[in-house]
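Below is one structure, written out as structure tokens; comments come after it.
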Amino acid sequence: MVTKKRHTSLLARISLPVFALVVTVIALFAASASYILIRVQNEHTRQMAEQSMKFVHRNLEYQLDTMNNMAAFLLSNQSIENLLETEHSAPYEAVNDFFTLQTNLQNLSLLSLLNDANSGSIVQQTYVVAVALEPESGLYTLATDHFDPVTGIYKSTDLQNESWYRDLISGGRRNVWWGQKAGRSGTAMIYSATKKISTKDGRVIGTVMIGADTGSIRSLFENAALTSGFHLLVDEEGRVIYSERYAFLEPAGGLPFVRSANCDGSSADAKVEGTVHRVTCVKMDNGWKLLTAVPKSHFGRYTFAISAIGALAAIAAVLIAGLWLRRIVIRVTVPITRLVNAVQRPEVLAFREPLPKLKSGIHEVETLNEKFASMLVTLHGLIEKSFEEEIERRQLQLELLNAQINPHFLYNTLDLINCRAILAGDRETSAIVRSLANTTICSPSFISLPICRTSSFLTLFYSRLRRMPSFTALPGERTIAGSRFPHRRKGLRLFCASKTTERAAA
């Protein structure tokens, strides 16, 4: 079964592909803009995270250096060393030295007021400055028996079960850092412990411990807070010291992003609880790790809003482009369609009406209309000229045929009269009719036209003068034999001869 091929209009052929092209360009532009926006946002987030980490790292190192300086002051102060090494025969003799050392520790604990206070009249204790004495110290007998992580002087007996204390006394390390909860309230504290070695004989006479509330470093992280993401400070054992996401002393060393972090200041992508983050890690001087993780979110709050605005703008652009394109396509295709319809009209094809003029405002379309009108006029003229030439050719053929047919019938008629005159025995009439017939067969095709006509006229004139009385033969044999109808003449002679013979026999 043959199906008819469906023809689509010029408007559909042009508008749909061009509209699809415009939509594709706008979609590519919107996708490119969104991609660039996301890249810029991620880059900006990364830079902000790096700046925040640098700020926290620099100020945190300053805080830890302050604690180290306080320990160094106690370790290097000669008067304090004298108080620790002086031997007393009786415990009461060491009371004065004990309270002098206690006062110095209290003063050092008030060195920095970073923890802020609700009232300006209340002094907040920022640091915990404590000394754990060994039995070799002269103040050991007056020291508190049980260690409490607050400012004071204690015996080292309770610390012997602590892992950090064993590492410190064994000589493997001179300084250790750790975090623990202190007091009944469970305040989160960080501590630094350093051995006090006698400058006289090299004996270990005590341990200087400097502690700080984690609130003193909380302000550092709050001043460099991240809109999205978090900081993480872990000790050497992987326990959390401070983080906006994880709790104090929560084990974090086993987390994949902590374990895989290369703490040289570089950043890398890692998954944090199923979300891809940009993790930056740096190692501090005391061995702790500071990490900053920011999500590589494809759509943040502002990105989504900007993308939504871009999508709305793209939709509006598509609508405007569609209307504008439709207007252009209609303006171009409608005049062409009208021109095609006008050319296909039967009145125009039959040249009964001229091709109407189109005023489309488009120079090319109007020029095309003018050329079509000129072509139709030229075509009409050529057709009429060809028709006239054909009519003239046919008329000429008819005239030529008429010129050939008229002498033929006239000659036959005269020849019939000649035959009748012969049958009647009227030879004079026969000669005259034969001479007249000879003049009719003289045509321009004969070269001897003047001779032919002159001979016929002389014969007629001679017959008129002499009136030939006798008839012995058929005169004019040469002239009639040279006619264009010898077959007809021959038949007529035989017919006339037969009639003459029949009459003589009778």
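The values are calculated or read from the model by the stated rules, or taken from the named source; none is laboratory data. Because the structure is a prediction, the values reported are computed rather than measured. Cβ: placed from backbone, ideal geometry, glycine included. Neighbour counts: every protein chain shown. Accessible surface is based on the protein model in full, side chains and every heavy atom, while ligands, DNA and RNA are left aside. Shrake-Rupley method; radii C 1.70, N 1.55, O 1.52, S 1.80 Å.
Descriptive notes on the structure:
- Among the residues examined, Thr378 does not qualify as modelled with pLDDT under 70, open to solvent by less than 100 Å² (accessible area, probe 1.4 Å) and not aliphatic (A, V, I, L, M).
- From the list Leu312, Leu325, the lone residue that is open to solvent by 50 Å² or more (accessible area, probe 1.4 Å) and among the hydrophobic types (A, V, I, L, M, F, W, C) is Leu312.
- Note on the range 119-160: among residues that are small (Gly, Ala, Ser) and open to solvent by less than 70 Å² (accessible area, probe 1.4 Å), the one that is modelled with the lowest pLDDT is Ser119.
- Test for Thr199: is it open to solvent by 50 Å² or more (accessible area, probe 1.4 Å), within 22 Å of Thr275 (Cα to Cα) and either assigned to a helix (DSSP H, G or I) or among the hydroxyl-bearing types (Ser, Thr, Tyr) (or both): no
- When Glu85, Glu43 are screened for being surrounded by fewer than 11 Cβ atoms within 10 Å (Cβ to Cβ) and at pLDDT below 85, only Glu43 passes.
- Just one residue in the set Thr303, Thr337 is hydroxyl-bearing (Ser, Thr, Tyr) and modelled with pLDDT under 75; that residue is Thr303.
- Annotation: Tyr191 fulfils all but one of (1) of a type in the set (Ser, Thr, Tyr); (2) open to solvent by 10 Å² or more (accessible area, probe 1.4 Å); (3) closer than 26 Å to Asp65 by Cα; the unmet one is (2).
- For the range 32-40, the criterion of being among the basic types (Lys, Arg) and modelled with pLDDT of 75 or more is met by at least one residue.
- Breaking point among (1) surrounded by fewer than 17 Cβ atoms within 10 Å (Cβ to Cβ); (2) at pLDDT 90 or above, for Trp288: (1)
- Test: Gly229 is touching a strand residue (DSSP E or B) at 6+ places or on another chain (Cβ under 7 Å) and in contact (Cβ under 8 Å) with a residue 12 or more places away in the chain: yes
Every residue, every condition in (1) in a loop (DSSP other than H, G, I, E, B); (2) closer than 20 Å to Arg46 by Cβ, yes or no:
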| site | (1), (2) |
| --- | --- |
| Thr227 | yes, yes |
| Tyr246 | yes, no |
| Asn262 | yes, yes |
| Thr280 | no, yes |
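- As a summary of the residue check, Ser185 satisfies the conditions (1) over 30 Å from Leu133 (Cα atoms); (2) more than 58 Å from the chain's Cα centre (by Cα) except for the one numbered (1).
- Residue that is farthest from Met53 (Cα to Cα), among those in the range 202-224 that are open to solvent by 10 Å² or more (accessible area, probe 1.4 Å) and touching an Asp or Glu at 6+ places or on another chain (Cβ under 8 Å): Arg203
- Selection of the range 51-79 for residues being closer than 18 Å to Gly265 by Cα and open to solvent by less than 70 Å² (accessible area, probe 1.4 Å) yields Ser52, Met53, Phe55, Val56, His57, Asn59, Leu60, Glu61.
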